[in-house]
Every structure is written in structure tokens, then in C-alpha cells.
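The structure under discussion appears below in the form of C-alpha cells.
Throughout, read-outs are computed from the coordinates displayed, never taken from laboratory work. Everything numeric in this text was worked out from a predicted model, so none of it was measured. Every residue, glycine among them, receives a Cβ derived from its backbone with ideal geometry; neighbour counts consider all protein chains shown.
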Amino acid sequence: RFDSRTWYDGKTYGETTKEEWQGRTCVGYQQTMSHVINTSDIVNEGVSGNTSVQIATRMKAYDFTGVDCLIIAGGVNDFVKSSQVTIGSIAAIGATFNTDTVYGALQDSLEYILEHYPEMKIYFIVPAVAWVGGNIFPYSTAKVRKDIAELYNMPYLDLYTKEGINIINRSYFYCDES
């Protein structure tokens, strides 16, 4: 994974988090998966603050030689930085993609990866619901990954609609106040 939520795995929560979380180390899904499947070969390429276009650009430049599996996630920063991000629209497989848009950049990098690393398993994660400055991250922005996964017949996990986080219980699951 290349997204910012991935970035936090193994990092210490800082002053932007609730006081009771500050100083704790984040245990992300990567550490859990590493333990469950008994491997130390999980690579975290997450970068805090990246948009989907930035993630897609980095994925396309990455050397996946020897990599068994790629998880494509991200999306919250597309909302956080919405004045700098254009979502665009999904295009047909094999089209010429507008890589300045979220859909176009992700489709372009995915097709590049499929062509150059056809044996690699690819999974998508639709990000969990989030609140940014009191505003809810809209499903229309989150579901880009679902749309692309369905177009290319790839598996996805829709955390936005299936994780069970909502306005009532969010303070239990999130370490920040927004």
C-alpha cells in the first residue's frame, strides 16, 4: 500500500491526536497481517498526505519484481485536498487516461502494473468513513477504488460501508478529534 493511513503503521502518534493516544505506537493492519501469515516481507510504501494521483504516480514507478501482492488504498486526502484534486470519471479498459484525475491516474497505473507484472495479485480497499474538520468524507470520493476493482474484475474490501464506523462510535476508533 502507498497511502497515508498505511504510513502510520509502526509510527508514534503525535500532538495532532487525542492526548490519550499521544506517544503510543500505531499497530496497523500490516503488523497484524505479518503476524497472521507469518512473514516479515510486508513493505510499507505509505506517504502521509499523498493524494490518489500521487499514489498512482509512485505505484507506476515502483519496481514490483518479486512482489506477490499489492493492496491499493487511499482516497481520504482526495477529499482533504479537494481544491487540488479532480476525481474525473472511469474510462473503458485500454482507453487513454487523463492522469491528472483520480480515476485516470489509478487506471493508468493499474494497467501498467497488469501489463508488466501480470502474476501479481492486486486488491483494492475502499477507505473507511472519515470526518475532516467536521465534514464527512463522501462515499462518492471513496468508491473510486470500488468502481475500478469492479471494472477490472478484482477483489475489494469496502471499509466505508462495511466496517461499522459511524458518527456515534467514531471516537472509539479514531485517535483524532475530527
Starting from segment 86-164, pick out the chymotrypsin sites (Phe, Trp or Tyr not before Pro) whose DSSP state is loop and whose Cβ has at most 15 other Cβ atoms within 10 Å. Tyr152
Filtered GluC sites (Glu not before Pro), segment 68-120: DSSP coil and at most 16 other beta carbons within 10 Å: Glu119
Let me know the shape class of segment 107-175, please: from the alpha-carbon gyration tensor, a ≥ b ≥ c as square roots of the eigenvalues, rounded when a/c is under 1.5, otherwise prolate if a/b is greater than b/c, or oblate. prolate
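So which trypsin sites (Lys or Arg not before Pro) in segment 37-137 end up in coil per DSSP with only 16 or fewer other C-beta atoms within 10 Å?
In loop regions of segment 37-137 (DSSP not H, G, I, E or B), the sparsely surrounded trypsin sites (Lys or Arg not before Pro) are Lys81.
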Under 5 Å from the placed amide H of Ile72, counting only residues 5+ away or on other chains, we find Tyr123, Phe124, Ile125
